[in-house]
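All of the numbers you see were taken from the coordinates with simple rules; none came from a lab. Values in this document were obtained by computation on a predicted structure and should not be read as measured data. Heads up, the Cβs are rebuilt from the backbone with ideal geometry, glycines too, and the neighbour counts pull from every protein chain shown.
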Amino acid sequence: MDYRDLVVYKKSFALAMDVFEQTKGFPKSELFALTDQLRRSSRSVCRAIAEGYRKRQYPNHFSSKMSDADMENTETIVSLDFAL
C-alpha cells in the first residue's frame, strides 16, 4: 500500500486540483494574495498526509503531520470562505 491509495489522500488531491482550476478564474488583483494562498494551502494538505504516511511507524511524528494536514485544510476552507 502507498499513500496514494489512501482515501484521504485521494480526496485532498482532488480538492487541490479543483482549487487550482477554480482559481484560474479569480481576478488578477488576487493573484498573489488569495489565489496563491489557496493553491499553497490545498497542496500542503496532500504533502502533510504523504509525509505522515512515510513516518507512520513514529506515532508522534505521524500525529504531528496529520495535525498539519488538518491545519492546512482549515486554512484552505477559510480562504474559500473569503473567495465566496
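Residue count for the stretch 55-84, restricted to those that are polar (S, T, N, Q) and touching a residue at least 40 places away in the same chain (Cβ under 8 Å): 3. Restricting to the stretch 6-38, give me the number of residues that are among the β-branched types (Val, Ile, Thr), within 19 Å of residue 78 (Cβ to Cβ) and exposed (fewer than 15 other Cβ atoms within 10 Å of the Cβ). Total satisfying the criteria: 0. Do we find that residue 12 is free of Cβ contacts under 8 Å to residues at least 60 places away in the same chain and small (Gly, Ala, Ser) in this structure? Answer is no for this residue. Of all positions in the stretch 44-54, at least one carries a residue that is in contact with a Ser or Thr (Cβ under 7 Å, 6 or more places away or on another chain), part of a helix (DSSP H, G or I) and free of Cβ contacts under 8 Å to residues at least 40 places away in the same chain.
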